[in-house]
Amino acid sequence: MKNKLIVMAIVACLVSCGGSRKEVYKDPEAPVKERVEDLLGRMTLEEKVGQMNQFVGLEHIKANSAVMTEEELKNNTANAFYPGITDKEVAAWTEQGLIGSFLHVLTIEEANYLQSLAMKSRLQIPIIFGIDAIHGNANAPGNTVYPTNINLACSFDTLMAYRIARETAKEMRAMNMHWTFNPNVEVARDARWGRVGETFGEDPYLVTRMGVQSVKGYQGSLDSKEDVLACIKHFVGGSEPINGTNGSPADLSERTLREVFFPPFEAGVKAGAMSLMTAHNELNGVPCHSNEWLMADVLRGEWNFPGFVVSDWMDIEHTHDLHATAENLKEAFYQSIMSGMDMHMHGIHWNEMVVELVKEGRIPESRIDESVRRILDIKFRLGLFEQPYADVEETMKIRLCGEHRATALEAARNGIVLLKNEGVLPLDPSKYKKIMVTGINADDQNILGDWSAPEKEENVTTILEGLRMIAPDTQFDFVDQGWDPRNMDPKKVDEAAAHAKNADLNIVVAGEYMMRFRWNDRTDGEDTDRSDLDLVGLQEELIEKVAASGKPTVLVLVNGRPLSVRWAAENLPAIVEAWAPGMQGGQAVAEILYGKVNPSAKLAITIPHSVGQLQMIYNHKPSQYFHPYVAGKPSTPLYPFGYGLSYTTYKYEDLNLDRKEIEKDGSVGVSVKVTNTGSRDGVEIVQLYIRDKFSCVARPVKELKDFARVSLKAGESRVVNFKITPDKLAFYDIKMKKVVEPGEFIVMVGASSDDKDLLKETFTVK
C-alpha cells in the first residue's frame, strides 16, 4: 500500500508539472481551442501577463540610446522609452517568455533574432510582431509603398483597397511581421487634425466600405503564411478633437457616435477583424483606454467582438499622467484591464504591477486568462508555433515585386483628383517644349507620405523624374526649393520667378512635408496638427510670383489634409490634388498631366476655403447654414465631397425608381443613365445620396448610400443600377432605437455631393 501511494504521488507530481501530460499545444493537428487551453494551463501568472505586454524592438532602443546622454536615458521616455533599462535586459525577458509582442522591429533579421530568443523560453511561445503598415509596409525600407489611405479613398475603389491590403500582408509575412495597425477607420471631421491622410475621409459609408475590404485583404482566412492580423483603430472619436489636435478630448453625443463613428468599427468587427486599438483621447470625460462602455458594453456586448483590444502608445499610462483619472500607474493598469483592455503598448511597469494586482486579489486571474486566450488564439491561427521564422533568402522575391509596384502605380492613377482645369491640361508636348518645375515636393521622396521610411532612390519615382520619363523630349528647367516649407530661401523663390518668364509653362509642386525620419520638421501627419490650412512658408508667394510671369501655371499638391488654396483656385488654370501618391506617384502624376491617364478620382473629404469654415462636411444638418457667414468666405466649400474632374464629360439622365411606395422592410431599385459625352474613354464614379425629408430627429441634408465606378468609352451610355434596402434608410430615433420611419425620402444621383450635380426623385415609406 505504501509503495502504491508513492507511485501515485510521483504520477501526480509528474502530471502537475506537465512532465507526462501530452503537449497538445504543440500539435498542429489539434483544434486551436484545445491548443490554447492546453498552453494556458501550463503558463505561470508571470508568463500570462507577459503575453499581454508589447515592447519596442531592440534595434530601436539601441538607436535611441546611442545618441542620448546617460541622464537622458535615465529620465526620457519619449525616445529611449524605458528609462534605466538596456536592450540586454529586454532580450533576457524575451528569453524568459515574459514578452508577448514587439513593435518597431523593421528588419527580418531582427524579427528572426527576437523569435529565436522566444524559442529559448520554457514554453516556446512565439512573438507576434506588430507594425504600422498603413499604406504598404512602408515603415520598413525595401517594401512597396502604396498611396496613402486618403488618396486610395478618392478612388472609391473598394477592390483596390482589398488588393493593396492583400499584397501588404504578403510583404509583411516575408519579413516575419504578422500584425498591421491598420485600417484606420476613423471618420475625419476636422482638417486641422494631422492624421487625416491615414483615414478614408469624412463619410461613414465610404470609410466603412474601404475599411471592410482592407480587413478582408489583410486577414484572408487568418490561417495561411500570407495572412496578417488587421487592427481597426482608433476606437473612438479622436478624429473630431475639440481643438483639432491629436489626442485632445472628444465631446460627442451617443447619437453622433452611433451615426458617424461606430458604423465603420461595427462593420470591421462583422468583417472578421480580430484586433482593435483604442484611441488616445478621452471621450465625454472618460479615457478610451479605461472606457468600460466602449470596450465591454458596445464592442463585446453589442457587437460580439471575439478578438483582442490593444492600447495605443503608452496611453494606459496617460490615464494617470495626462487625463488624471487614475491616481498612479498601478491604478491605471487596473482600470484599463477591468474595462476590457487585453494588450499593453508598451512599457516596463506592466508586468510587475499587473502581477501584483492579481496576487492582491483586485484582478481575478480568470480575467487575465480571457485576454491571453484571445492573444494565443491568433498566434496559433497564424501558424506562428509551426513557423516562427521567415526565410531571408525568399523575402525579396515578394517585397517590391513587379506585380506589387504595378498595383501601386494603378492605385496612384486612380486616386489623384483633378480639381481645376481651364483647358491647359492635358499638356501638349508640341506646345509646351520648355517647362519650369519648382516647389518643395517636385523632386523629393515626400510623395511617399506619412508612415514611410526613406527608400533607395531607384525605388521611388519623384514627380520631376516622372515628368522626364513621360515627356523625354521636353526641356524641364528645375529650380530646387529644398524639402522644408518652413525654411524656404527667398532667393530661390525669386530664382523660380525669373526662370518662369522664360518657360512655356510652369509647374509648382507644393503642399506639406510628411516624412517621419525628420519628425520635428513635418507639417502633416501624426501629432502634426495645424491652426490653419494655408500653405506653409513661402509656398503661396512662390505660386503667385511664378504665375505673375504670365505663363500658364499648374499647381500640383502633395499633402495629407485638405489645404485652403484659395488664391490658386481663383487665379491658376489647373490644380491637381495628388495627396501622397506613393513610390510610383511621380509617374502617375506625370501621366495625368500629359493625358496618358484620364483622371477619375473624386474627393473623399471636403476642401474648405479657410480654417474658419470648420467643421465643413457635406452631410451636415439642415440648420447648419441657416444663418450664413456675414463676412469672410461663403458657406460653401472650395471643393465639395465627391467632386473631381475628368478630361471627358459625362451626362446624367433618366433617373428612375422601380416603385414610389414601399413598406418599412421593402426596397427600391434605382437606375440612372450615364453617358460619356466627350472624346476620351474614362471612368466615372456615380454617387447615390439619400435624404429623409422629415423625421423625428434632425437628419443630414444628404448621406452617401452607394457608389459605382463605371468605365465608359467615348460616346458610350450605360444604365447604372442601385438598390436601396432598409438598412440604408434606418436611423436612431428619439429613444435611440434604430428604425425605418414612414415618410418621404429624396434620392439623389450624380457626379458629386453638390446639389447642382445631382438628379433627384422621391419615394415614400408607408
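The values are calculated or read from the model by the stated rules, or taken from the named source; none is laboratory data. On a predicted model such as this, the values are computed, not experimentally measured, just so you know. Here Cβ is always computed from backbone atoms with ideal geometry, including for glycine, and neighbour counts include all displayed protein chains.
A few remarks follow.
- The requirement of being of a type in the set (S, T, Y), farther than 22 Å from M295 by Cα and not assigned by TED's automatic domain parsing to the domain that holds P700 is fulfilled nowhere in the stretch 233-241; no residue meets it.
- Qualifying residue in the stretch 228-239 (condition: of a type in the set (D, E, K, R), assigned to a strand (DSSP E or B) and closer than 19 Å to F129 by Cβ): yes
- Selection from the stretch 469-505 of residues that are in contact (Cβ under 8 Å) with a residue 60 or more places away in the chain and either touching a strand residue (DSSP E or B) at 6+ places or on another chain (Cβ under 9 Å) or within 21 Å of T523 (Cα to Cα) (or both): A471, Q481, A496, H499, A500, N502, A503, D504, L505
- Some residue of the stretch 452-460 being more than 14 Å from R522 (Cα to Cα), crowded, with 17+ Cβ neighbours inside 10 Å and within 22 Å of the chain's Cα centre (by Cα): yes
- Of the candidates R680, R659, R691, the single residue that is among the charged types (D, E, K, R), loosely packed, with under 14 Cβ neighbours inside 10 Å and assigned by TED's automatic domain parsing to the domain that holds A751 is R659.
- Selection status of E110, closer than 30 Å to Q584 by Cα, part of a helix (DSSP H, G or I), touching a Ser or Thr at 6+ places or on another chain (Cβ under 8 Å) and touching a residue at least 40 places away in the same chain (Cβ under 8 Å): no
- Pairs where the first residue, in the stretch 644-655, is assigned by TED's automatic domain parsing to the domain that holds L418 and the second is surrounded by fewer than 19 Cβ atoms within 10 Å (Cβ to Cβ) and at pLDDT below 95, C-beta under 9 Å, 6+ apart: none
- Output for the stretch 27-44, where each listed residue is loosely packed, with under 15 Cβ neighbours inside 10 Å and within 23 Å of M345 (Cβ to Cβ): T44
- In the stretch 69-99, of all residues being part of a loop (DSSP other than H, G, I, E, B) and at pLDDT below 75, the one that is surrounded by the fewest Cβ atoms within 10 Å (Cβ to Cβ) corresponds to A78.
- Some residue of the stretch 532-541 being closer than 16 Å to V196 by Cβ and surrounded by fewer than 19 Cβ atoms within 10 Å (Cβ to Cβ): yes
- The condition (being aliphatic (A, V, I, L, M), within 28 Å of R166 (Cβ to Cβ) and surrounded by fewer than 24 Cβ atoms within 10 Å (Cβ to Cβ)) is satisfied by just one residue among V228, V269: V269.
- Checked against the criteria, I440 does not count as hydrophobic (A, V, I, L, M, F, W, C), within 21 Å of Q115 (Cα to Cα), touching a strand residue (DSSP E or B) at 6+ places or on another chain (Cβ under 9 Å) and not in a helix (DSSP H, G or I).
- Those residues of the stretch 710-733 which are of a type in the set (A, V, I, L, M), in a strand (DSSP E or B) and either surrounded by 20 or more Cβ atoms within 10 Å (Cβ to Cβ) or out of contact with any Ser or Thr (no Cβ under 6 Å at 6 or more places or on another chain) (or both), in sequence order: V710, L712, V720, I724
- The stretch 315-347: number of residues that are assigned to a loop (DSSP other than H, G, I, E, B) and surrounded by 19 or more Cβ atoms within 10 Å (Cβ to Cβ): 7
Residues are listed down the side, and each one gets a yes or a no for (1) among the polar types (S, T, N, Q); (2) part of a strand (DSSP E or B); (3) under 30 Å from E202 (Cβ atoms); (4) in the same structural domain as V417 (by TED's automatic domain parsing):
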residue: F102; (1), (2), (3), (4): no, yes, no, no
residue: I134; (1), (2), (3), (4): no, no, yes, no
residue: N143; (1), (2), (3), (4): yes, no, yes, no
residue: A161; (1), (2), (3), (4): no, no, yes, no
